[in-house]
Amino acid sequence: MDYTVTQKALGQQPNVRLRNSSMDGSDGSQLFEDTSGCASQTSQQRNQQSGPQAAGFPGQSMLSDPMSNLAMAYGSSLASQGKEMMDKSLDRFIPISKLKYYFAVDTVYVGKKLGLLVFPYMHENWEVSYQQDTPVAPRFDLNAPDLYIPAMGFITYVLVAGLALGTQNRFSPELLGVQASSALVWLIMEVLAVLLSLYLVTVNTDLTTIDLLAFSGYKYVGMIVGVVAGLIFGRPAYYLSLLWCCAAIFVFMTLGPYFQTRTLRLKLLSEAAAEGRLVRGARNQLRMYLTMSIAAAQPVFMFWLTYHLIR
C-alpha cells in the first residue's frame with residue numbers, strides 16, 4: 001500500500017515536517033534559553049560600575065604612597081637607633097669594633113704566622129706597621145697580633161684532646177667538657193694574673209687585654225703539635241716536639257731583634273722603645289722581670305694541659 005497517497009488523502013503531513021515546523025515557529029518555546037545577551041549586558045554593567053572606581057584608584061595610590069613612605073622612613077630610623085643603642089651597650093662589655101681588627105686575617109697570613117710560631121729564630125723584622133697612627137690589619141702585617149689563630153687553636157686543641165682520649169678508651173662527653181673548660185679557665189686566670197701584675201708594678205704600657213689574650217692563646221699551636229706528634233710517634237716524640245715549641249714560643253714572646261717594637265717584650269717596654277734604648281732602673285727591671293715571667297709561664301701551661309693526654 002502506498003503511504004504517500006494515503007497521507008495526502010487524509011490531509012496529514014509527515015512527522016519530520018511537524019517537528020521542523022514546531023522548532024522554526026516564532027511562538028514555539030526553545031529547549032535551552034539563550035543567555036549570551038544577558039551575560040554581555042551584565043559584564044557591561046560591571047565594567048560601567050567599576051569604571052569610576054578604577055578611575056579613582058590612581059588618586060588613592062597617590063594619597064597613600066606618601067604615608068607608606070613616611071612609615072617606612074620612620075621604621076628604618078627606629079631600627080637604626082635601636083642598632084646604635086645595642087652596639088653601644090655591647091661595646092661596654094665586648095669591644096666588637098676592636099675585635100674586627102683582630103680577626104682581619106687571610107690564608108697567607110695564617111700560614112706565615114703558624115710558621116713564625118713554630119720557627120721564629122730566623123725572623124728579622126719584628127716591627128708592626130702603622131698607617132696614620134693606627135696599626136694595619138693583621139693580614140697586611142705578620143707581626144700584628146690576632147685572635148683567629150688562638151681561637152682556632154683552642155678549638156683544635158679540644159678536638160685533638162678528644163682524639164687522644166678516644167685512642168686510650170677514656171673518651172666521654174663529660175671528660176671532654178672538663179678538658180675544654182679547664183683550658184679556658186687557665187687562660188682567663190693567666191690573663192687576669194698579668195693584668196694584676198701590670199697594675200701592681202704600675203707599668204705604663206699600651207698592652208691591651210685583647211693583646212694579652214692573643215699572645216697567651218698562641219701557645220695552643222705548640223700544644224697541638226706536641227700532642228699530635230705523641231699520638232703518631234709515641235711519648236718521646238711528644239717530649240721533643242713540645243720542648244721545641246716551648247722554646248719557640250719563649251723566643252717569640254721575649255727575644256727577637258734588640259730594638260723591636262710592638263711585640264710583647266717592647267709593648268711592656270714602650271717608653272724605653274720610644275727613646276730608642278733600654279733605660280736602666282728599678283722600673284725597667286720590673287718590666288723585664290714581668291716580661292720574662294709571662295714568657296716562662298707559657299711552657300708550664302703547655303706541659304700542664306697536655307702531659308696527661310699521652311700515655
Search result, residues across segment 113-133 that are open to solvent by 50 Å² or more (accessible area, probe 1.4 Å) and free of Cβ contacts under 8 Å to residues at least 24 places away in the same chain: MET122, SER129, TYR130, GLN131, GLN132, ASP133
So, in segment 188-235, how many residues would count as being in contact (Cβ under 8 Å) with a residue 60 or more places away in the chain and in a helix (DSSP H, G or I)? 24
Identity of the residue in segment 164-181, open to solvent by 40 Å² or more (accessible area, probe 1.4 Å) and in contact (Cβ under 8 Å) with a residue 24 or more places away in the chain, that ends up farthest from the chain's Cα centre (by Cα): GLN168
With (1) hydroxyl-bearing (Ser, Thr, Tyr); (2) at pLDDT below 90; (3) open to solvent by 40 Å² or more (accessible area, probe 1.4 Å) as the list, and TYR307 as the residue in question, which single condition is left unmet? (2)
Tell me the residue from VAL136, VAL158, VAL110 that is open to solvent by less than 50 Å² (accessible area, probe 1.4 Å), within 24 Å of the chain's Cα centre (by Cα) and within 20 Å of THR208 (Cβ to Cβ), please. VAL136
Looking for whichever is closer than 17 Å to LEU305 by Cβ and either in contact with a helix residue (DSSP H, G or I) (Cβ under 6 Å, 6 or more places away or on another chain) or part of a loop (DSSP other than H, G, I, E, B) (or both) here; the options are GLY162, GLY177. Which one fits? GLY162
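The values are calculated or read from the model by the stated rules, or taken from the named source; none is laboratory data. Fair warning: this is a prediction, and the values are worked out from it, not measured in the lab. Cβ coordinates were reconstructed from backbone atoms using ideal geometry, including for glycine residues, and neighbour counts include every protein chain displayed. Keep in mind that these areas ignore ligands, DNA and RNA; they rest on the heavy atoms of the full protein, side chains included. Shrake-Rupley method; radii C 1.70, N 1.55, O 1.52, S 1.80 Å.
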